[in-house]
Every structure is written in structure tokens, then in C-alpha cells.
Amino acid sequence: MQRWKDINISYNFTENKEEVAFTFRVTTPNVYSRLIMNSEGFLQLSRWNPTLSEWNVFWRSSTSDCNGYQSCTPYSYCDTNTTPNCNCIKGFAPQNPQEGALDNTNTECVRKTQLSCDGDGFFWLRNMKPPDTSGAIVDKRIGLKECEERCIKECNCTAFSNMNIQDGGKGCVIWTSELADIRRYADGGQDLYVR
């Protein structure tokens, strides 16, 4: 049995001379789900949201879900090694905890504690594709330590990283807007420090 946030699912795979079958059963009471194949040929597992009277997709079979722009909502990252692929950044949580698992169409991640601009710390995320840089500030002259100091002084700074990770890293990128289009790689990528 696998647990996806607040949903228990038991799986069964049968392979013999007469059949090959995969079945699943949701064992959580009062939770309705459906598995469909979408128009692109990928499986989608959805859960019924009685409050909104709609189906919310919380899993897709595509292995390339993280390749699209903003595969997940802001303040979350995409990781093909997790189920579901979208995960809130540490220090953030789903805006609506009742929705449980994140999906890339509905569930927003929100900060657990507001920034105070005095004494804020940073969460270190490894092997990341940095966020969209359209609202970022770049300084090629300073290193990572100076980059952190500048981010601490700037109250609207949400994250920072090295601009170039070669040769021990150099340059500074500071994000002052929402963090979007982030991905975690199994290997490689950059270190990202989120406030």
C-alpha cells in the first residue's frame, strides 16, 4: 500500500498465462478517484473535490512532466523522482491543506511564516534548476557570501544563488519576485538558497 498525502492506495499487478493486469483500490473512506488516459496518451489519477465539484489531477504517468515551463506552481519544484512530481519548497505548504497532494494546475504553495527582514534564514536546496530569472538581479562581481549578505539586507529578496557554478562558483543572482519554474535534478544542477 502506498500513501499519497491523505489517500491510501493499494495496488495489485497480475501476470500469468491468461492475463496481465494492474489494478488499484483507494482504501481511504469517502475519497473518490478515477484513472483515465488523456488525449496525449498519459495516465492521470484524479480525486473528486466535493467542495468545488471537480476532479483534481494529483498524478500523471508522463516521465517528462518537469520539462515544461512552470510544470508546478510558484514556490514549488518539480522532481520526477517523487510522487506527485510537484513539491512545496521547504518553508512553504499547500495553500489548501485539504487538497493534499500537489498538482501543477491548482495547488498553490504559500509561505508558512512571513518574512520579517530581520533574522530570516535560508533553506539550502541542492541539484536545482534555478527559478525563472525574469525578475532577478545579477551581479557578476561578487561571490556567494556577499550574495547572501546582499539578500539579507534586501527585504524583498526571496532567494539567491551563484550565477556560474564552474570553478567553485562566482557571480550572484538574487530573486525579488515569486519563485517559479524550479526543478530538482537527480544529479547536477545548482545550489539554491531560499529565504
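Values in this text are rule-based calculations from the coordinates and carry no lab data. The shown structure was predicted, so the numbers you read here are calculated from the model rather than taken from an experiment. FYI the Cβ positions are ideal-geometry reconstructions off the backbone, even for glycines, and counts take in every protein chain you see.
Summary of values
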read-out: Cα point-scatterer Debye curve for the range 115-195, base-10 log of I(q)/I(0) at q = 0.22 Å⁻¹; value: -1.02
read-out: Which listed pairs, of 90/129; 90/140; 129/153, have C-alpha distances above 19 Å, in listed order; value: 90/140; 129/153
read-out: Rounded to the nearest 20 debye, dipole of the chain from Cβ charges on Lys, Arg, Asp, Glu; value: 260
read-out: Förster radius 22 Å - calculated FRET efficiency between residue 28 and residue 54 (Cβ-Cβ, nearest 0.05); value: 0.75
read-out: DSSP loop GluC sites (Glu not before Pro) with at most 11 other Cβ within 10 Å: longest gap in the chain; value: 41-195
read-out: In Hz, Karplus ³J(HN,Hα) per residue of the range 69-74 (6.51, -1.76, 1.60; θ = phi - 60°; x = Gly, Pro); value: 5, 6, 4, 10, 6, x
read-out: DSSP loop chymotrypsin sites (Phe, Trp or Tyr not before Pro) with at most 12 other Cβ within 10 Å excluded, longest remaining stretch of the chain; value: 70-195
read-out: Label selected from [x] 1.06; [y] 0.98; [z] 1.14, the criterion being Rg/Rh (Cα atoms, Kirkwood Rh) as computed here; value: [x]
